[in-house]
Every structure is written in structure tokens, then in C-alpha cells.
1. Round to the nearest 10 and report in Å² the accessible area of V205, as given by a 1.4 Å probe over the protein chains' heavy atoms.
2. C210 to D394: FRET efficiency via 1/(1 + (r/R0)^6), r the Cβ-Cβ distance, R0 45 Å, to the nearest 0.05?
3. To the nearest 0.05, how large is the calculated FRET efficiency for H295 and R387 if R₀ is 25 Å and r is the Cβ-Cβ distance?
4. Straight-line reach only, C-alpha to C-alpha below 24 angstrom: list the lysines that K358 could link to, leaving out same-chain residues fewer than 8 apart.
5. As a test of reading the structure, rank T335, T370, T223, T329 by solvent-accessible area (1.4 Å probe, protein chains only), most first.
6. Show that you can apply the helix-only estimate: for the chain, add -39,500 (n - 2.57) for every DSSP H stretch of four or more residues, divide by all residues, and state [θ] at 222 nm to the nearest 500.
7. Which of the lysines could a cross-linker span from K43 if the Cα-Cα distance has to be under 18 Å and same-chain partners fewer than 8 positions apart are dropped?
8. Ignoring ligands and nucleic acids, what accessible area does D376 show with a 1.4 Å probe (Å², nearest 10)?
Amino acid sequence: MSSLISGLPLSPNPSPTRGEGSYPATPTLPLSLYVHLPWCVRKCPYCDFNSHALNDAPLPERDYIDALLNDLAQSASTVTTRPLRSIFIGGGTPNLFSAAAIGCLLDGVARHFPLPSDIEITMEANPGAGDEIAQRFVEYRNVGINRLSLGAQSLDDGLLKTLGRIHTAEEARQAIVAALNVFPRVNLDFMFALPGQTMDMLDSVLREVCAFGASHLSFYQLTLEPHTPFHHAPPEHLPDVDTAAAMQEHVEELLANAGYGRYEVSAYAKPGAKCEHNLNYWQFGDYLGIGAGAHGKVSFFDDDGKVIRVERTIKQAHPRRYMETALDTAPKTLTVESRMVAPHEFAFEFMLNALRLKDGVPRTLFPERTGVPLADIAPMVQDAITRGLLEPDDAVFRTTPLGWRFLNDAMQCFLAEGE
């Protein structure tokens, strides 16, 4: 490709040598990058993400990419010399952006960070967002995307209409086949416990999804999130609590029989296909967030590589104001909220992520990634064990079957007084 965005040339191939360089052995805590592209063709009534409908307005592609690169330059200054473990481009509907724009973005990232040759670079995409999606997928692969997360949500036209999706079931099928033909790693996103969905309907979609052969699947239960149209006016014929629980069990059982292990609350993978980017979140790794409304978490270290503080940040959420701030000739921060995690908050923040993993995490990760000794949370750990929610394992933090079923209760054990 030879297109230019803001005068920046694109790499013609997904070169593994982008940004090669040396970096110190410490700190060892992994670092990822999340990039938020906030626009959609139309906003779905269940969605509570920071996404904005275009409403037939032109996509401000060039200005937004320029804004992202300025944001990246600001953010990268806090983590110089650390390599990236993964890059995730989410939304919104990122495939509204051209491959030229995505390539320009990735070239900008490579100028700031060492990128390992095996780095996972994921982009979310939705069916129905533009024509010739198969060709677009080839173009995204050619500029460096090596993992696609496709939001199909259902393969039933009636359910897709109820969910407010802009694509048909056949368009979803075509996009799935196209993605699997192009990308070495593909995640398919689906939902269950949908309005009017029966167990037979769920079984049918599960079997069809498994037949595609993607290496990673996400199955989310529909929830009525606050501040969404579905929350204010719930759709009719939602499955009741018992039916939804039975559906969850059926999802796990059928996918397990098809070779997909449930390794996180909503994530299922074949061996070797877990999502590296999300694993970094759940294992309390660091991540920069750039783009409108993006969240970040960055640790700071002493000379010995020990964590001494952890900062969480949120960027300006509205796309127009975000671009105005990022493109202002006078440098201004894009961070609208920044807070240091207090020592008494670490137990809950760590377990809020770690306990989502079915196999848990090594206990050694807690002091390594918080700087807080294990002894400081020993009473909380013992309380969770006594209540039968946490396994009495000296090597791993992992829920019991009861704790996995009542995950919120397990997490609540690690709330400090006053939180």
C-alpha cells in the first residue's frame, strides 16, 4: 500500500521488525497498548461503551489518527524503553477506518516502542460496516493486524434486529469466513440469553459457530447496563434467571466438547489461542490507553525494579473535544482523571481481575505487581478460604467451584473497610 495519512508512509507488509531495539531486563511487568476508535454506524441499545453513531456524518479519520499519535507521544513518555506485549484496537467499530489509517497508527507506535517479533496486534471489527469486507481484511493484515475480534453477536436475523445490529446473519457468516481465511488468529464474539432466545436456538448457533473452527470464542450473557436504552426500556421475552444459568452451562459444556476451554468468565479458547492482551489485564499487567475515553494503568518502579506506585488514568471521552485538545498547537494533557491506587485498594483491584481467570494466577504475582507483601492480605485470603470461595492453595489464587459460581462474593472478600 502506498497511501499516506498526514505524510506518514505505511509499511507495505506486516513486518515483524517494526521497532526492534534493546530494552532493560527490568521492569519485567508486561505492558500493552489499547487504542480506542469510538465511532459506529449506529449505536446498539445494549451498548454502554464510549461509542458514538456517525449518523451519516463523514468519519474524521485523518484528524483522529493525528490526535492519537499526539496522545501516544504524551503517553509513551511515562514508559520509555519498555516493550509492548500486545496492541488492541477497539471501539466502536474500528473497521470504519481504512487500512491506510491503521497502518499509519501502527507505524507511529513502532517509533515509540520496541515491538517483539511475536507481538499480538488485535483489531475489533463488525460485519455490515462497509462493502467488500473480505478485501478490507486483507488490507488490515497487510499493515500488521494479526488477530481479528469479530462482533457477530448472533446468527439469527430476528435476534440481530432485536439487538439493533446493522448486519444480517448471512453478512455475519460471510465476515467470519473471510476473517478465518485472512488472519492467523480470530476471535468470534457472541451473546446469549437474548430476548426470545430458546435453548434450541442457542444450541443451533453454538453448533454452527463451532463448525467455523475459530480458535477463540467469546460468549457474553446480555446484561441491561445502566444508561442504555435496554436498561430504560427492557426488551420483552428475556430469559429468566434460571434459564439464563442453564444457557451458560450449555455454552460451557458444548464448547468444551468441541475443544474450547473456558479460561475466563466469557472467554473460550483452543490450546495456545488465549488472548494475550486480555490476559495482561486479568493478570494485573500495565497498559497505556490512547483515544477518546481510553483507560490506562501504569506502574512505576524503584532502581531494583520493584513497584512503588500504580497510576490509573482516563482520557477525554468526547471525540470532538478529544481531537480539539490533542490537536491544539499549545500542548495540553488529554488525561481528565488520574489517581494513584492506594495500598489498601490493591487487594480488591488485583482480585477483581485475577479471579476472573478460571485457573487463577500465581500468588507471587500479587507482590510482584503491586509492591504489597502477601502478608498484608493474609486475613482477606483466609476469610475467602474459610467461606469456601477460594482454594487453600499455597501457590495459586484460584476460586473454588462455589467461588466461581458466586464470583462477586469471592471478590468482595478483598474489599478493605471504607471501600
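1. The value for V205 is about 20 Å².
2. Numbers: r = 38 Å, r/R0 = 0.84.
Calculated value: 0.75.
3. Numbers: r = 31 Å, r/R0 = 1.24.
Efficiency for this residue pair is about 0.20.
4. Within the straight-line limit of under 24 Å, K358 reaches these lysines: K270, K274, K297.
5. Details: T335 45, T370 5, T223 65, T329 135 Å².
Per-residue accessible area, sorted high to low, gives T329, T223, T335, T370.
6. Values: 15 runs with 145 residues, N = 419.
Taken over the chain, the calculation gives -10000 deg cm²/dmol.
7. Output for K43: K161.
8. Per-residue accessible area (D376): approximately 100 Å².
The values are calculated or read from the model by the stated rules, or taken from the named source; none is laboratory data. Note that the structure is a prediction, hence the values are computed from the model and not measured. Cβ coordinates were reconstructed from backbone atoms using ideal geometry, including for glycine residues, and neighbour counts include every protein chain displayed. Ligands, DNA and RNA are excluded from the accessible area calculation, which covers all protein heavy atoms including side chains. Shrake-Rupley method; radii C 1.70, N 1.55, O 1.52, S 1.80 Å.
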